[in-house]
1. Please go through the residue pairs A:Lys34/B:Lys128; B:Lys124/B:Lys225; A:Lys20/A:Lys195; A:Lys186/A:Lys207 and name each one whose alpha carbons sit more than 19 Å apart in this structure.
2. Among B:Val178, B:Pro87, A:Ile284, whose Cα projects farthest towards the positive end of the dipole of the protein assembly as shown, with charges put on the beta-carbon of Lys, Arg (+1) and Asp, Glu (-1)?
3. For B:Tyr80, which sequence-distant residues (separation of 5 or more, or a different chain) have an amide H within less than 5 Å of its own amide H, given hydrogens modelled in the peptide plane?
4. Residue farthest toward the positive end of the dipole of chain A, with Cβ of Lys/Arg at +1 and Asp/Glu at -1: which of A:Gln224, A:Thr182, A:Phe88?
5. Hey, if you drop one equal point scatterer on each alpha-carbon of the stretch A:59-147 and run the Debye formula without solvent, what base-10 log of I(q)/I(0) do you get at q = 0.19, 0.24, 0.25 Å⁻¹?
6. With chain B treated as a Gaussian network of Cα nodes joined by springs under 10 Å, which of B:Gly57, B:Gly79, B:Gly261 yields the largest mean-square fluctuation?
7. For B:Val259, B:Val178, B:Val222, what ranking results if the residue with the fewest other Cβ atoms within 10 Å of its Cβ goes first?
8. Could you give the semi-axes, largest first, of the ellipsoid that matches chain B, computed as the square roots of 5 times the alpha carbon gyration tensor eigenvalues and rounded to whole Å?
Amino acid sequence: MMTRQKAKITRRQIRVEQLKKSIKEFAAVYKRSKSGLLGLAILLFFICTAVFAPFLAPYNPYTRVDRPFRPPSTRYLLGTNDIGQDIFSELIFGTRVSLTIGFAAAIFTVVIGTLVGVVSGFVGGAVDEVLMRFTDVIMILPSIPLLILLMALFGKQSFFIMVLAISIMGWTGTARMVRSSTLSIKERMYVEASKAIGAGDRHIIAKHVLPNVSPLIMATMIYQVAGAMMSEAGLAFLGLGDPGNKSWGMILHYAQTSGGWYANMGYPAWWWIIPPGLCVAFTIASLVLIGQTLEEIINPRLRRR
Amino acid sequence: MAYIARRTGSRIITFFVVVSLLFFLARSAGTDPFERYLSEDPRIPQAQIERLRAKFGLDKPLHMQYLDFIQNTLKGEFGYSLYYKRPVFDVVMERLPWTLFLLSISIVISTIVSFAVGVYFAWKRGTKIDLWGTNIFMFIRSTPHFWLGMILLLAFAYYIPFFPLFGARTPGKDFADVFGFIKDVLFHATLPLTTLLLRQVGMYVLYMRNSTVEVLGEDYMVTAKAKGVPGWSLMFSHAARNAMLPMVTMTAMRFGFMVNGAILTETVFSYPGTGRLIYLAIMNDDFFLLQGAFFITSITVLMANLIADLLCAWLDPRIKI
């Protein structure tokens with residue numbers, strides 16, 4: 001009894017040690033990439049902004065604080081919009097909305113994609129054929145009209161529906177990739193060996209396939225966040241966002257439709273139009289940098305380039 | 001031949017799936033158009049609305065409506081737009097040329113530019129030009145392109161008031177000759193085209209560069225170099241030609257992406273194309289128009305897809321025609 005328990009603890013300790021070691025190794029490789037670090041820094045900056053939004057924002061972004069179309073000044077860093085709300089505060093709170101939708105949609109996307117990919121690659125045959133043709137159809141389709149339709153189908157414009165609609169359209173790339181790596185893992189010797197000793201499908205998927213595809217999935221997920229944020233910006237720009245949760249895209253939507261172009265004595269309110277787009281661009285660029293670095297770590301063949 | 005037949009067959013199936021999907025989505029998403037357009041008017045009796053619904057076949061069960069829809073579509077009959085009060089076909093055809101004009105020009109230019117620039121960056125890989133170039137294009141790719149459009153408007157239509165703010169041509173203007181008209185259209189299209197180009201070039205330059213870099217590492221490149229093939233020919237007929245393959249495959253994926261671009265860009269510049277039309281049709285619950293516009297756009301997209309497939313087969317003899 002005693003010895004067994006002891007063995008259990010040491011095994012767990014070994015596992016923890018291994019994990020620590022691999023994280024350390026990973027960090028060491030990651031640190032070598034300057035662009036990866038830059039991306040991480042930018043992303044952390046935006047994440048911190050999102051987390052501490054209520055402390056950072058000088059005003060409430062949903063209430064009127066001054067006259068409309070005030071140009072930037074020391075009181076209102078980025079001026080005010082058409083109904084006198086502080087744009088700087090809007091941006092800070094918008095970080096929250098945009099990032100949350102991006103990450104939430106990416107998680108859904110990756111889950112659907114992995115599910116379809118693993119099933120398709122592992123089961124094969126007719127199931128594979130049907131799933132892959134379906135994936136092709138979704139991939140070819142222009143996503144925005146379908147996203148708009150999906151959102152109309154669900155009725156109310158809300159945060160969650162936006163996330164759902166984006167993930168329903170976005171899983172195809174992940175599914176294809178997971179499928180192809182499942183196919184290659186399936187053929188490996190150790191899978192054959194574990195089949196030979198009578199392991200079931202569920203065991204093989206859980207113990208062999210998923211752990212081997214997971215690094216790949218992590219890298220894709222970062223790109224998926226970027227993709228989801230881009231889709232969100234587009235949809236919100238078309239006016240399909242949740243008005244109670246203003247994202248960066250929504251700010252641009254209001255700037256486009258409610259007279260941001262004729263604010264400043266017939267001149268456009270540049271302080272309303274330029275900053276939200278820059279925020280989107282920097283966040284997505286940072287995600288792409290991180291994604292590239294992860295890809296290089298996972299697939300060392302790329303590093304030699 | 002078998003290859004073409006197989007490809008065409010799978011495209012037709014795809015097309016049916018898409019159209020059916022759209023039909024059911026649209027019918028379940030949109031509220032009844034007569035409810036929306038007429039029932040708010042108290043002067044119209046309910047019986048009248050019922051009669052109209054029967055006339056348009058909206059009282060039938062959904063699967064019968066679907067059969068009607070397929071039948072009529074095959075006959076080229078797309079119904080009436082409820083919002084514009086005109087045949088759908090006419091409304092779509094009026095706008096399709098504008099979108100096709102924008103998209104085809106941007107495809108041609110962006111393919112040429114990304115091809116040339118991508119190969120150039122790959123050739124200069126590891127140098128400062130490559131590093132800066134790829135980073136700049138990566139950043140362009142990360143920006144929402146509709147916002148780039150807004151910035152272009154801001155810069156070149158407001159602060160430097162040179163280009164027009166919206167539309168595809170000067171409204172109500174008569175042109176003395178065809179050149180005047182072309183000049184006006186191109187003038188209006190410059191900013192939207194630039195927006196679409198920035199988006200596509202930003203995307204494809206990096207693909208082209210990476211795929212060329214991959215080809216440059218192949219053994220046959222070393223052989224060709226050793227044989228003394230001159231640099232220019234090495235770059236274009238050996239490296240670039242092979243690197244183009246994944247690019248052409250990408251074009252197959254690219255048309256859905258193009259339609260998205262058209263919707264957003266046309267919105268920013270109030271351009272009278274089909275992208276904007278699809279968006280408005282959804283917003284107005286005009287589902288006959290939506291079906292028609294989407295149908296015609298999908299046909300265009302899938303045709304383009306097929307052309308890309310054939311082009312691919314032509315470039316890569318390993319795919320048997």
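1. Violating the 19 Å Cα-Cα cut-off are A:Lys20/A:Lys195.
2. Ranked along the dipole, the leading option is A:Ile284.
3. Sorted by chain and number, the residues that satisfy this are B:Val88.
4. Value: A:Thr182.
5. -0.88, -1.08, -1.12
6. B:Gly57
7. Fewest to most other Cβ atoms nearby, the residues stand as B:Val178, B:Val222, B:Val259.
8. Working from the Cα gyration tensor, I get semi-axes of 44, 27, 16 Å.
Values quoted throughout were computed directly from the atomic coordinates according to the rules given, and no laboratory measurement underlies them. Just so you know, these numbers come straight off a predicted model, no measurement behind them. Please note: Cβ atoms are built from the backbone with ideal geometry, for glycine as well, and neighbour counts cover all protein chains shown.
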